[in-house]
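Novice: I'd like to ask some things about the structure below.
Here, each number is a calculation from the coordinates, and none is a lab measurement. Here the structure is a predicted model, which means the values were calculated and not measured. Methodologically, a virtual Cβ is constructed for each residue, glycine included, from the backbone with ideal geometry; neighbour enumeration extends over all protein chains shown.
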Ligand code: 2AM
């Protein structure tokens, strides 16, 4: 199974992201991500055999991470991955959460590019609108299974753990 750790927006933030995505002009092609599938990937585990699921759950379970505030404030086209994203400046506590998960999984350290993918298979750079900042205060993080058989991946939340307390982040 294919696993990743992610932040899943609540209904209000999902609606705000969908409103921003609605301004996207994709006449030149691409496929919009369905709002129920919006997420911010913290750490991509990849394919694991079923018996290794417990290990990933253990990693999430044992992590103690503080809350933080994310400001999604720009859209970007990433040519290499052919996606349009809502990008965010990652606050230090978000970077730390992502790094802690990555270290526990055994991923090489890379700079976190905090984003929510809005559209995929976008082969030509679209004209991007300015975006009204979306303020997102996640209260938990999740381990997700991704089933990639269909037209759009199906995501299943396998487990969710709380983020613990508010830091002084703006
Ligand atoms: P994306 O949103 O930038 O496409 C589930 O597949 C999630 O993990 C997606 O959000 C995707 O990010 C991310 N992902 C998929 N393949 C990945 C990879 N090889 N390395 C890192 N992240 C990946």
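Novice: Can you pull the one-decimal nm distance between simple spin-label points at residue 26 and residue 103, each 7 Å off the Cα toward Cβ?
Specialist: 3.8 nm
Novice: If I model a spin label at residue 58 and residue 73 as a point 7 Å from the Cα along the Cα→Cβ vector, what separation in nanometres do I get?
Specialist: 4.1 nm
Novice: Once every DSSP H run of n ≥ 4 in the chain is given -39500 (n - 2.57) and the sum is divided by its residues, what mean residue ellipticity at 222 nm do you get, rounded to the nearest 500 deg cm²/dmol? Could you put the intermediate results ahead of the total?
Specialist: Values: 3 runs with 36 residues, N = 170.
When only DSSP H runs of four or more count, the value is -6500 deg cm²/dmol.
Novice: Can I ask one more? If you take every DSSP beta bridge whose two residues both sit in the chain, what share of them, in percent to the nearest 5, is antiparallel? Walk me through the intermediate numbers first.
Specialist: Numbers: 36 of 37 bridges.
Percentage antiparallel, nearest 5: 95.
Novice: On full extension of the chain, what length is gained from residue 156 through residue 37, given 0.36 nm per residue of separation minus the C-alpha to C-alpha distance?
Specialist: Numbers: separation 119, 0.36 × 119 = 42.84 nm, distance 0.98 nm.
Additional length available on full extension: 41.9 nm.
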